[in-house]
Amino acid sequence: MRRSFHAGRGLTVLCLGLAAFLAGALVYPVLAAPAARVGIPYRIGFIASVTGPGASLGTPERDVARLLQDRLNREGGIAGPDGVRHEVQILINDDQSRADVAASLARRLIEQDQVHVLVGTTLSGPSLAIVPIATELRTPNISMASARAIIEDPNTQRMRPWIFKPVPENLHSASKQAEYLKAVGINRVCHLYENTAYGQDTFASAKHEFPKAGIRILYGDSFDRFATEFPQVTRVRASGCQAVVIGSIPPAAAVINVAVAGRVGPRKIVHGHGACSPDLIRTAGAAAEGTVMPCGKILVADQLPANDPVRGVNLELISEYARLTGGQPISTFAGHAYDALQWALLGLRTVPDGQPLGRIREMVRDGIERIRNYVGTHGVMNLGPDDHLGFNPKDFVIVTVQGGRFVLLPPERWK
Amino acid sequence: MTQPRWGPPWLAMAAVVAAVGVWELAQPGGLARLSRGLISTDLLIRTGLFTIVLVGLNLLMGYAGQASLGQAAFYGMGAFASAILTVRGRVLGIPQDLLAAWWWPWLVMGLAALAVGGFALVVGLAILRLRGHYLAMATLGLGIIVYIVLRENLGMPHLNLTGGFDGIVGVPRLRVGGAELWPVQVYYFVVWAVALTVVALGLGVVHSPVGRALRALHGSELATESVGVDVGRLKAKIFALSAALASVAGSLYAHFQAAVVPDTFGFVPSLELVVMSAVGGMSSIWGAPFGALTVLLLEQLLRTHVLGLLPAVSGELEPVVFGALLVVIMMFWPAGLVSSRKVQASPGSS
Amino acid sequence: MRSAAEPATTELAARTRRKPQEPFRAPPAARRVLPRIVRPAALAVVGAGLWLLGRRLGYGAPEYLQLLVDGTVTGSVYGLVAVGFVVVYRVTGVINFAQGAFVMLGPMLTITFLGGIGVTGGVPLAAAAATAVVVTAGIAMAVHRFTLHPARQASALTRIIITVGVYISLQGLALRAWGPRPYVMPAFSTLQMEDRLLQVGGVVVQAQSLWVWAVGVVTVLGLILFFERTVAGKAMRACAVNRTAARLMGIRVDRMATLAFGLAGILGAVAGIVLAPSTRPTYDMGLELGLKGFVAAIAGGLTNLPGAVGGGLVLGILESLWAGVTVAGFKDLFAFVMLILLLLARPQGWLEAGHQ
């Protein structure tokens, strides 16, 4: 009895010892992690247009920066190729949608705050103002605006070495529109665009892409952001076009959508990718029903086939974004900010510890340029020395509005 | 009225400007570290650029008494003239060796100032006959017209001279011989050399017979005319001078920023120039540098220091506080921070 | 007394005390900038040009009528905003740049109150709109009481800059409160986002346009009655004519100024609310409308109520015609060129009956 008790106790001790060992073996790496070498904190300068005309784009971008900062804090930063962990700080700034403020901020972030990589900004004009500064001070810059001239020098047709952007261009959008129009048998269109940088560029792109597909633009003109009456509609009615292409972002996109739908009769309305925002449906209502537009996949992530690689990334971002903002639906601009910041982090992950600032910036630049098979919000992207955009136009999908929501329209359902 | 001598304060200012510049040159970023990011060479260069514009604006508004709500247009004309003729020169058929010459941007700057001044003279002879609010409205309209012409590619989209909304990127740095006047610590001296010269010019005008005529004009136009001053011409000349100065500042801005977009020269920027002028005190040439510095420092302070402490509100509250501060400044310093003369209340206002 | 220390504004301050307005004080020889024949000739040339451009596009009467009707809708809103500028200017001598903020506050507050009520229908909409107008008027009066009243001794330009500061702050607060998103205001006739379209001949009109015209007419008539028939209105007119005399007659000039701001708040909010169903209100809609209203007010003489309404209508029609027959990108340019030419031809505002 006593023996067996002893034997039992011995067994218990043995078991406890074994359990402790096992537990230790399991827990050790977790406990040991903080003991691993911690490198310098990385700083990402982030500029968005939180106020001014770009605010409806810049605010979701700013929110995504906060979202990723929370995520990075939870995960304890990022690890370099040598396993050294680095805390990451995202320094969020507002350029008020102004080019001179953006330039000032960029210089301050690079020179005074000594950021390792600069993400920004929302609009094309201010982004272009940052280009010379980032280039001169040899700091990688990832823009969230769309103009081609941001990443490519229009005079030499060469990539600007320090500038990247994950944002599709109006040329891609226009060629997708042309593909759709041709498929449904439309070859005479009118083009109405908002008189902004984005709108002007949609028109220029349409003039470039549509004739290639045999589509004629019978009438094209701009309208004002705050316009309520549209004399242009009178011209559309007189011109005899079969479809109206609109190059605008909400709310102006919604207002002209309503005006055209009500007054021109049953004609197809095609938006640009700037209208891929829940705001379009919220502010155009029934008039938006049946309109089509090329969009990034993020907008219809839940309808993508289960094997689509970007589905998971997007669904996770959408739910996290809704949690952070109190239930806001996501827009494609939030997706651009997510991709831009992810590229910055991917670049930073390639840097081993102990490098001087200038070298870190160069390595981040090289790291971003080497990004392959990045699974982002707008598709799978591949960058390279000749491609600082990495967007594959095939990743644009045609989306329509049905029953007050965006619905994916695969090519077989275009007709 | 006895005229105080303006030489000593000018020399003091030049000395301070030079000392700051030399220190920054010897120790780049030192100023920013000392002021905890508040003052930087970038901010001081912008102050210098606005000083050049504001000296002209103060002469026009504070001395000649003619309102201008479109001054940013002249600033923009200078900037775009420099940008177009240095970057898009090939489209216009300007020979390559001319474009490559170091003196070409300087020549453009001078010619642009002359052209803009001449344009303002012609326009001024017509619109300066309007008075008070009608003149303000006409200058506002002029500003918006120029902005639209820049935005709409001068009406010639096929040449794409102004680049539309996206503007022009890649304006070259200024050079003297083979030496590039860059980085910013060097460019600081270029901008402030011009700014100090312009301040001296402004002070010279104010303390000359022209200045006395201007003050008389401000008091009573009819009386001034009756003693033999051609009022219309005098006003147009001052308008032209202010436009030419704005154009020079615009050219310097283009070579500083290397990228110009039309939005920097629209209606709101014109309004901001008037705000800077009023904050500094438009009845004094010295109001120009102080107005520019005060407004830029306030913006910088809000952007980097005050609101940075409250991360949850980044961005949105900045304009609220800026607007409120503007109201407070104008309530407590109604004649601006620098006022050369005693302010007298107008008796009948409520 | 008038020292040069009041830059550019001695004129402004002095003008507020003078009636009739003499915007053009130069000697008689220079009085007419352009010869008398230029104005009708220029109008004829512009008219012919627009007609020819329209013919090129195959326009007939219905098209031109459509453009005119469109222009009067926008123009009526400009006119209402312009009247707000005039009311304040007449009493205080200040161009109130915060007027645009009142235009924005009207619809934004209405939509917020409507959301608070949570019921759709004509009565809730009217109640929400009325509350929004009252609140905006209250804000406008507070703006005067706490910013411009303490600075009443300052020059007109200083007070104008104060209103600029107020505008920047109010717009910033609106961004904080409502975010950058566009909102939707139900159309008055259908109480839904979708409005009814009325077809008269070849001309298509939104039902909301009828509301814009009706509300515009009622508001301006009400305002004229207020100035002609009520004690407060007459007192305000007295302030506009001669402030010192008004004070001697026992009129509280500062109270009248606050009241004028209240009226401007009402006018701005009403303009914004009737316009809102045809647009999608955002926190920054006030800048553009404020600018156009300011231009219309000046074109109409700045002290003249019918002139301001007329200025708005002319501006709206010019923009519409131009955009209809040529390139819309230049429509503001055309409108401003015409306005400057008209100002030069008739410097006291072309719609004011000639004082010459």
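Just one of (1) out of contact with any helix residue (DSSP H, G or I) (no Cβ under 7 Å at 6 or more places or on another chain); (2) assigned to a helix (DSSP H, G or I); (3) not charged (D, E, K, R) trips up A:ILE298, so point out which.
A:ILE298 satisfies all of (1) out of contact with any helix residue (DSSP H, G or I) (no Cβ under 7 Å at 6 or more places or on another chain); (2) assigned to a helix (DSSP H, G or I); (3) not charged (D, E, K, R) except (1).
Taking the stretch C:182-194, which residues are over 25 Å from the mean Cα position of the chain (by Cα) and either among the acidic types (Asp, Glu) or at the interface with another protein chain (Cβ under 10 Å from one of its Cβ atoms) (or both)?
C:GLN192, C:MET193, C:GLU194
Out of everything in the stretch A:47-59 that is more than 10 Å from chain B (Cβ to nearest Cβ) and buried (at least 24 other Cβ atoms within 10 Å of the Cβ), what residue ends up being farthest from A:GLY376 (Cα to Cα)?
So, considering only residues that are more than 10 Å from chain B (Cβ to nearest Cβ) and buried (at least 24 other Cβ atoms within 10 Å of the Cβ), the one farthest from A:GLY376 (Cα to Cα) is A:GLY54.
Looking only at residues in the stretch C:235-273 that are modelled with pLDDT under 90 and among the polar types (S, T, N, Q), which one is farthest from C:LEU109 (Cα to Cα)?
Only one residue fits best here, namely C:THR244.
Please state which one of B:ILE148, B:ILE127 is buried (at least 16 other Cβ atoms within 10 Å of the Cβ), on the phi < 0 side of the Ramachandran plot and within 14 Å of chain A (Cβ to nearest Cβ).
On inspection, the qualifying residue turns out to be B:ILE148.
For residues in the stretch C:290-300 being surrounded by 24 or more Cβ atoms within 10 Å (Cβ to Cβ) and of a type in the set (A, V, I, L, M, F, W, C), which is nearest to the other protein chains (Cβ to nearest Cβ)?
This residue is C:ILE298.
Which one is modelled with the highest pLDDT, of the residues in the stretch B:86-101 that are surrounded by 15 or more Cβ atoms within 10 Å (Cβ to Cβ) and of a type outside the set (A, V, I, L, M)?
This residue is B:THR86.
Got a number for residues in the stretch B:104-134 being assigned to a helix (DSSP H, G or I) and either among the acidic types (Asp, Glu) or at pLDDT below 85 (or both)?
The number of residues fulfilling the criteria is 3.
Of the residues B:GLN71, B:GLN66, only one is under 12 Å from the mean Cα position of the chain (by Cα) and within 14 Å of chain C (Cβ to nearest Cβ); which?
So the residue among B:GLN71, B:GLN66 that is under 12 Å from the mean Cα position of the chain (by Cα) and within 14 Å of chain C (Cβ to nearest Cβ) is B:GLN71.
If you go through the stretch C:301-345 one residue at a time, how many are over 22 Å from B:GLY70 (Cβ atoms), in a helix (DSSP H, G or I) and within 14 Å of chain A (Cβ to nearest Cβ)?
9
Can you find, within the stretch A:128-155, the residue that is surrounded by the most Cβ atoms within 10 Å (Cβ to Cβ) among those that are more than 18 Å from the chain's Cα centre (by Cα), more than 10 Å from chain B (Cβ to nearest Cβ) and outside any helix (DSSP H, G or I)?
Looking at residues that are more than 18 Å from the chain's Cα centre (by Cα), more than 10 Å from chain B (Cβ to nearest Cβ) and outside any helix (DSSP H, G or I), I get A:THR139.
Looking at the stretch C:105-126, is at least one residue assigned to a helix (DSSP H, G or I), crowded, with 23+ Cβ neighbours inside 10 Å and within 14 Å of another protein chain (Cβ to nearest Cβ)?
yes
List every residue pair whose Cβ atoms lie under 9 Å apart, where the two residues are 6 or more positions apart in sequence or sit on different chains, the first residue falls within the stretch A:100-114 and is on the phi < 0 side of the Ramachandran plot and within 7 Å of chain B (Cβ to nearest Cβ), and the second residue, located anywhere, is assigned to a loop (DSSP other than H, G, I, E, B) and of a type in the set (Phe, Trp, Tyr).
Every condition considered, no pair remains.
If you check A:VAL50, A:VAL84, A:VAL88, which single one turns out to be among the hydrophobic types (A, V, I, L, M, F, W, C) and within 23 Å of C:PRO180 (Cβ to Cβ)?
A:VAL50
Within the stretch B:21-34, how many residues turn out to be out of contact with any helix residue (DSSP H, G or I) (no Cβ under 7 Å at 6 or more places or on another chain) and part of a helix (DSSP H, G or I)?
Result for the stretch B:21-34: 5.
For a quick check of your reading of the model, give me the residue pairs whose first member lies in the stretch C:73-95 and is over 15 Å from C:VAL309 (Cα atoms) and of a type in the set (D, E, K, R), whose second is part of a loop (DSSP other than H, G, I, E, B) and modelled with pLDDT under 95, with beta-carbon atoms closer than 7 Å and at least 6 apart or on different chains.
From residues that are over 15 Å from C:VAL309 (Cα atoms) and of a type in the set (D, E, K, R), the pairs are C:ARG90/C:THR303.
Looking at the stretch C:55-95, which of the residues that are modelled with pLDDT under 85 and part of a helix (DSSP H, G or I) is surrounded by the most Cβ atoms within 10 Å (Cβ to Cβ)?
Checking each candidate, the answer is C:GLU63.
Taking C:ALA177 as the residue in question, decide whether it is at pLDDT 90 or above and within 14 Å of chain B (Cβ to nearest Cβ).
yes
Could you look through the stretch B:135-157, keep only residues that are touching a Gly at 6+ places or on another chain (Cβ under 9 Å) and not in a helix (DSSP H, G or I), and pick out the one that is nearest to B:SER220 (Cα to Cα)?
Filtering the stretch B:135-157 for residues that are touching a Gly at 6+ places or on another chain (Cβ under 9 Å) and not in a helix (DSSP H, G or I), the one nearest to B:SER220 (Cα to Cα) comes out as B:GLU152.
Every residue, every condition in (1) in a helix (DSSP H, G or I); (2) facing another protein chain (nearest Cβ under 9 Å); (3) at pLDDT 90 or above, yes or no:
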| site | (1), (2), (3) |
| --- | --- |
| B:GLY228 | no, no, no |
| B:ILE238 | yes, no, yes |
| B:THR264 | yes, yes, yes |
| B:LEU273 | yes, no, yes |
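With the condition kept exactly as written, say whether any residue in the stretch A:188-198 is buried (at least 18 other Cβ atoms within 10 Å of the Cβ), under 22 Å from the mean Cα position of the chain (by Cα) and modelled with pLDDT of 95 or more.
Among the residues of the stretch A:188-198, not one is buried (at least 18 other Cβ atoms within 10 Å of the Cβ), under 22 Å from the mean Cα position of the chain (by Cα) and modelled with pLDDT of 95 or more, which makes the answer no.
Within the stretch A:225-240, count every residue that is crowded, with 22+ Cβ neighbours inside 10 Å and either more than 7 Å from every other protein chain (Cβ to nearest Cβ) or among the hydrophobic types (A, V, I, L, M, F, W, C) (or both).
4
Testing A:ILE78 on (1) within 12 Å of chain B (Cβ to nearest Cβ); (2) closer than 26 Å to A:LEU317 by Cα; (3) among the β-branched types (Val, Ile, Thr), one condition comes back false. Which one is that?
Here A:ILE78 clears every test but (1).
Give the residue that is farthest from B:VAL55 (Cα to Cα), with candidates limited to residues of the stretch B:228-251 that are touching a helix residue (DSSP H, G or I) at 6+ places or on another chain (Cβ under 8 Å) and surrounded by fewer than 20 Cβ atoms within 10 Å (Cβ to Cβ).
Ranking the candidates gives B:VAL229 first.
Please indicate, with yes or no, whether at least one residue in the stretch A:350-359 is on the phi > 0 side of the Ramachandran plot, touching a residue at least 24 places away in the same chain (Cβ under 8 Å) and within 14 Å of another protein chain (Cβ to nearest Cβ).
no
Working only within the stretch A:269-294, note down all residues that are out of contact with any helix residue (DSSP H, G or I) (no Cβ under 8 Å at 6 or more places or on another chain) and more than 10 Å from chain C (Cβ to nearest Cβ).
If the condition is that a residue be out of contact with any helix residue (DSSP H, G or I) (no Cβ under 8 Å at 6 or more places or on another chain) and more than 10 Å from chain C (Cβ to nearest Cβ), then A:GLU289, A:GLY290 are the ones that fit.
Take the stretch C:252-277 and flag every residue that is within 14 Å of chain A (Cβ to nearest Cβ) and more than 18 Å from the chain's Cα centre (by Cα).
C:PRO277
Could you list, ordered by first residue, the pairs with Cβ atoms under 9 Å in which the first is in the stretch B:267-294 and on the phi > 0 side of the Ramachandran plot and the second is crowded, with 22+ Cβ neighbours inside 10 Å and polar (S, T, N, Q), at least 6 apart or interchain?
B:GLY281/B:ASN58
The values are calculated or read from the model by the stated rules, or taken from the named source; none is laboratory data. Please read all numbers here as calculations on a predicted model, not as lab measurements. Neighbour counts are summed over all protein chains in view; Cβ atoms, including those assigned to glycine, are modelled from backbone coordinates with ideal geometry.
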